[in-house]
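Scroll down for the structure; my scribbles are underneath it.
Nothing in this text is a laboratory measurement; each read-out follows from the coordinates by a stated rule. Since we're looking at a predicted model, the values are computed, not measured. So basically every Cβ, Gly included, is an ideal-geometry build from the backbone, and we count neighbours across all protein chains shown.
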Amino acid sequence: MVRFRKMPSIGIEWRRLLSIRGAVIAILAIALAVFAFANAASQLGAKLSAFKPLGPAFYSNRADLVRLEVGIAKRPVAAGEQRFGATAIEMLSWSPLNARALRNYALHREAQGDVAGARKIFLAGDAISRRDGVTQYWLINDAAKRGNVSGALDHFDRALRTMPDATQPMIEQLAVSTILPEARQALTRFVRKDNPWLVRYVQAAVEKLPKVEPLAQLFVDAKQAPDLPALNTSYGQIVDGLVSDQKTALLQRFYPLLPKADRGDIKSIAINEDTFKGGYAPVVWDLGQSSDRGGALIKSGGTVGLELYGLPDTLGVAARKLIIPPASAQRFSWVATDRGSNADSAAFWVLSCLRDVGKAAVGGKATVGGKANGRGKANEVRSTNLLAAKTLRGQMALPKGCDSIMISFEIDGGTGRDPARMVFSSVTVD
């Protein structure tokens with residue numbers, strides 16, 4: 001008979017070991033959870049002082065930073081107090097690479113009269129992060145005070161690129177500075193298609209500047225007007241503003257830079273399809289935006305004509321076109337192919353002399369189809385009523401001594417049911 005020796009029981013030993021192992025794992029898990037919580041809290045900016053000895057990974061001074069900044073906002077002079085400086089230094093000891101902490105310490109140094117020291121600290125913060133608005137604004141003003149326009153614009157550029165939603169006052173300030181020649185000179189390097197804030201800047205300048213001349217001069221100095229669809233409206237406003245201000249010489253330098261503009265637009269008044277394919281009014285034909293008067297290019301029998309009209313009870317300009325005539329030019333001529341009139345309707349070609357304000361303009365006399373009548377001004381020539389003329393052809397003398405001439409078609413729709421209208425196959429200056 002075989003006898004088996006009874007083995008000692010190990011169940012109790014294993015259970016004891018497993019319980020010890022479980023306790024260790026549980027303790028480690030709790031510790032990791034606590035540290036994870038502390039780390040998450042520090043990332044969210046929660047202030048848990050018990051974790052401060054563990055370092056910045058487990059303790060956030062963000063709440064201290066916010067409290068410090070709120071204090072400055074409420075009482076700016078507080079930046080110069082020793083308590084503020086001590087807190088700012090403590091923030092730096094915890095976050096030496098924190099741009100906000102550097103900025104607060106820089107404000108303290110400035111408040112104590114150490115502008116040079118503040119500048120070094122602000123520049124150090126700028127090297128760490130370009131997204132701190134206070135730092136960029138301080139550096140902009142500091143550079144401007146020292147006459148460093150180019151440096152100020154560098155910080156403008158950084159702020160406008162990194163904080164587009166919070167920098168509208170900056171873009172408006174920059175737009176107004178375009179009046180200054182030194183600012184324009186420094187701004188030319190930012191006139192390029194890949195500049196993300198160029199559109200905002202140009203739109204603000206058109207709106208804020210009393211005259212568009214400085215803005216047009218900037219594009220001339222930069223030797224380009226970037227082809228950006230978002231700028232087409234602004235380009236048109238600049239052209240119209242230069243015409244209104246009679247800045248013809250600058251217009252001739254600015255206009256050829258524009259996308260879809262031709263240098264010859266300002267010297268031609270031809271009626272053809274190419275004339276209406278691009279350009280900016282009134283350097284090209286301006287047919288207006290009114291629903292009761294205006295014009296359109298039409299085709300009839302293989303020929304192209306310009307139809308100009310005015311509805312009944314309408315009085316105003318249906319079309320206009322700026323031209324710089326050749327030095328030898330003496331007359332404006334037209335050929336119409338059709339017309340329609342109402343009772344008391346009338347239509348006139350009006351040639352207005354554009355010159356620098358303060359210079360006297362010399363009016364010419366109309367011939368064959370026109371005359372300088374009492375309704376005209378001293379610097380303009382008006383035709384006779386084209387709707388009552390015996391012929392569809394005519395000509396009139398150009399105003400003399402003009403740098404440029406605005407050719408306008410004025411119409412009175414009269415009384416009736418249909419528009420008063422004329423269709424021109426040709427208009428020329430020779």
Segment Asp338-Arg253, extension gain: residue separation times 0.36 nm, minus the distance between their alpha carbons: 26.8 nm
Likely footprinting exposure, Arg161, Arg293, fewest C-beta neighbours within 10 Å first: Arg161, Arg293
Global form of region 225-266, assessed from the alpha-carbon gyration tensor, a/c cut-off 1.5: oblate
Lys299 versus Arg131: modelled label distance in nm, points set 7 Å from Cα along the beta carbon direction: 5.6
Rounded if a/c under 1.5, otherwise prolate or oblate - region 183-339, Cα gyration tensor axes: prolate
Pair Arg417, Asn385: separation of 7 Å Cα→Cβ label points (nm): 2.3
Entries of Lys120/Lys145; Lys277/Lys299; Lys321/Lys390 with Cα pairs more than 19 Å apart: Lys321/Lys390
Pairwise label distance in nanometres, Gln168 with Lys120, each label 7 Å out on the Cα-Cβ vector: 4.0
